[in-house]
Structure formats: C-alpha cells, structure tokens
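Step one of this worksheet: look at the structure below.
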C-alpha cells in the first residue's frame, strides 16, 4: 500500500517538500504508522510531530472530502484504507 502525507504551511517549509510518499507491506496501516515513518525519513530535518503516541500541540491532520473541503482527523488509530491513504498535515494558525 502506498500512502501520502501532504504538508501545508509551516510543515512544508520545515520538511522542504510538499508531500512524502511511503510504502507499506501491511494493509492495516494507521495514520500513526504513517507519521512514525515520516519522522524516521525526515529525521535529518529534525521533523518531530509526535510526543509519545500523540500529536504535539498545534499539529492538525485532515483528509479531503469527496465534494471539496477538508475534514479534520482526530484519531491516529484510524486505518489509512478507510480514509483513502492521503493525509494532510497543517499547523494551528492564529488569526482574526
């Protein structure tokens, strides 16, 4: 299975790329598995978004809706096959 982690905003600048593609042999891969692999691949860029088995504060995950827009993902245990193998990572932004 191929999975994509797309980076937006700060994470795009931090990683130096727009996305990361990861290959998995197991079909029961979770969002957490994808993020762990991304941290390993991007370790030279000091890419750390996990604190233990949870996302650090300010890290947000989304998937694209079929009809447009984004839907936020809260559970890292969600299987990638359930959401289409494409996850978007963005940072929390202030504004007004």
Check your understanding: Looking only at region 1-23, which residues are without any contact (Cβ under 8 Å) to a residue 24 or more places away in the chain and either within 12 Å of residue 90 (Cα to Cα) or crowded, with 16+ Cβ neighbours inside 10 Å (or both)?
Key -> 12, 13, 18, 19, 20, 22
Review point. Is there any pair linking a residue in region 24-36 that is more than 14 Å from residue 74 (Cβ to Cβ) to one that is modelled with pLDDT of 90 or more and assigned to a helix (DSSP H, G or I), with Cβ under 6 Å and at least six apart or on different chains, and which?
Key: 29/80
Review point. Between a first residue in region 69-90 that is exposed (fewer than 12 other Cβ atoms within 10 Å of the Cβ) and a second residue that is outside any strand (DSSP E or B) and at pLDDT 95 or above, which pairs have beta carbons less than 8 Å apart while being 6 or more apart in sequence or on different chains?
Key: 75/31; 77/31; 77/32
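The values are calculated or read from the model by the stated rules, or taken from the named source; none is laboratory data. As the structure is a computational prediction, the values presented were derived from the model and not from experiment. Note: ideal-geometry Cβ built from the backbone for every residue, glycine included; neighbour counts use all protein chains shown.
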